[in-house]
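J.: One structure, pasted below without further comment.
Laboratory data are not the source of any read-out in this text; all were calculated from the coordinates shown. Keep in mind that what you see is a predicted model, and the values were worked out from it rather than measured. Quick reminder, even Gly has a Cβ in these numbers, built from the backbone with ideal geometry, and neighbours come from all protein chains shown.
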Amino acid sequence: MSKATHLTKISTVLAAILVSCVPAKEFQVLQDKNAKCEEEREKLSIENEALSTKSMELESKNSILHVKVDALLSDSTNRAIHFNQLKDELSTLKERYAELQNLQDGVISGSKDETRKLLLQIQKTQEELQEKEDALKELERRLYQRKIGLDKMQADLETMKKELDERNTRLIELERMLRSKDSIMQALSKKVADALFGFEGKGLTVTIQNGKVYVSLEEKLMFKSGSYEIDARGAAAIKQLIPVLEQNRDINIMVEGHTDDVPYRSSGNLLDNWDLSVKRATTIVRLLLSGTKIDPVRVTAAGRSQYLPVDKTKTPEARQKNRRTEIVLTPKMDEILKLLETN
């Protein structure tokens with residue numbers, strides 16, 4: 001039940017009581033006053049509700065204002081703190097400015113001598129700084145040039161190392177080929193010795209010198225004194241050697257004729273020891289090539305005369321040793337020469 005309904009009931013009860021207690025005229029006056037009071041009451045009730053609504057709105061606005069006030073108070077506090085900090089900083093700056101001003105006044109009021117000394121010191125310092133700067137630039141320039149030199153040296157070293165590696169590779173290959181040639185010549189020497197077995201010790205020797213096989217044939221086995229017509233025993237020895245030379249096609253053949261130092265007595269077409277040594281060499285060459293498979297390109301005939309003796313003494317035994325024919329067997333050196341040229 002609302003408050004207004006309750007008041008209405010009370011008014012009704014009171015009216016009933018009044019009717020029973022007062023005259024009708026007075027009752028009518030009272031009833032009019034009561035009606036007027038009711039109207040006033042209704043009006044006040046409406047105004048009260050309106051005021052309540054406004055009060056609630058005001059309370060809401062008041063809360064918002066409280067928040068804003070708190071924020072403003074907080075901001076004011078921060079600004080006050082910032083202001084105090086700025087004030088302190090300003091005070092410090094003023095003190096520093098005063099110190100600088102005093103220093104400036106001291107410099108200005110100082111004597112001319114002190115000012116001149118100070119300027120001279122400044123000038124000297126500037127000159128020293130300039131000298132150090134120039135020295136530093138010169139050092140940088142030298143370091144740069146040295147770096148360029150080191151870079152070039154490094155590049156040269158790399159090139160030299162590469163060339164050295166290539167040369168070492170070629171040298172290793174050369175050594176391998178030389179060892180191979182030595183092995184070939186050792187095997188060839190054995191084959192020659194085996195082919196001429198029975199003649200050694202009878203005016204024939206087989207040796208290896210400087211990577212070459214030397215078949216040395218004494219005059220007594222090959223020719224009569226002063227003659228270049230081959231003896232039957234010498235021809236037999238050469239023919240036993242031919243199969244070995246045919247099989248080893250990579251071997252060059254040099255036939256050298258040698259004489260002693262006794263002057264040759266001219267007869268027929270021979271003039272001297274040169275002629276005799278050459279004719280003996282060509283006689284053996286013709287025997288090697290006659291009806292064989294030996295390529296003539298591999299063969300050379302040479303006369304040495306008396307100028308490469310094996311014994312330089314003037315005894316009959318020495319002269320007998322020097323009168324000889326040598327077949328020099330040499331491996332073809334084309335590949336080795338190519339390697340040597342590249343080195």
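J.: Enumerate the calculated ³J(HN,Hα) couplings along the stretch 275-288 in order (Karplus 6.51 cos²θ - 1.76 cosθ + 1.60, θ = phi - 60°), each rounded to whole Hz, writing x wherever the residue is Gly or Pro.
T.: For the stretch 275-288, the Karplus curve yields 4, 4, 5, 5, 5, 5, 5, 5, 4, 5, 4, 4, 5, 5 Hz.
J.: Then there's this: Grab the other residues whose beta carbon is less than 12 angstrom from that of VAL255, score K and R as +1, D and E as -1, and report the net.
T.: Combined, the nearby Lys, Arg, Asp and Glu give +4.
J.: Can you work out ³J(HN,Hα) from phi for every residue in the stretch 128-144, in order, using Karplus 6.51 cos²θ - 1.76 cosθ + 1.60 and θ = phi - 60°, giving whole Hz and x for Gly and Pro?
T.: Listing the rounded values in order: 4, 4, 5, 4, 5, 5, 5, 5, 5, 4, 4, 5, 4, 5, 5, 5, 5 Hz.
J.: Non-local amide H neighbours of ILE208 (under 5 Å, H modeled in plane, Pro and chain starts lacking H): which ones?
T.: HN-HN under 5 Å from ILE208: TYR214.
J.: Hey, can you grab everything whose amide H is under 5 Å from the amide H of TYR264? Only 5+ residues off in sequence or another chain; H modelled, so Pro and N-termini drop out.
T.: ASN273
J.: Let me ask something additional. Two decimals is fine: what's Rg over Rh for the stretch 234-305, C-alpha atoms, Kirkwood radius as Rh?
T.: Using Cα coordinates only, the ratio equals 1.04.
J.: If amide H atoms are built 1.01 Å from N in the plane of the peptide, which residues on other chains or at least 5 residues away come under 5 Å of the amide H of GLY303?
T.: Under 5 Å from the amide H of GLY303 lie the amide H atoms of GLY257, each far enough along the sequence or on another chain.
J.: Still on this model: Ranked highest first by average number of other Cβ atoms within 10 Å, how do 198-204, 162-168, 326-332, 301-307 line up? Numbers along the way, then the final one.
T.: Working: 198-204: 14.7, 162-168: 11.4, 326-332: 19.7, 301-307: 17.7.
Answer by packing, highest mean first, reads 326-332, 301-307, 198-204, 162-168.
J.: Could you size up the charge dipole of the stretch 187-342 around its Cα centre, putting +1 on the beta carbon of Lys and Arg and -1 on that of Asp and Glu, and report it in debye to the nearest 20?
T.: Dipole about the Cα centre, nearest 20: 260 debye.
J.: In the neighborhood of ASP156, defined by Cβ-to-Cβ distances under 13 Å, what is the net charge if each Lys or Arg adds +1 and each Asp or Glu adds -1?
T.: So the environment of ASP156 carries a net charge of 0.
J.: Follow-up question, since we're still on this one. Less than 17 Å apart at the alpha-carbon level, and either on another chain or at least 8 residues along: which aspartates and glutamates does that give for LYS162?
T.: ASP151, GLU173
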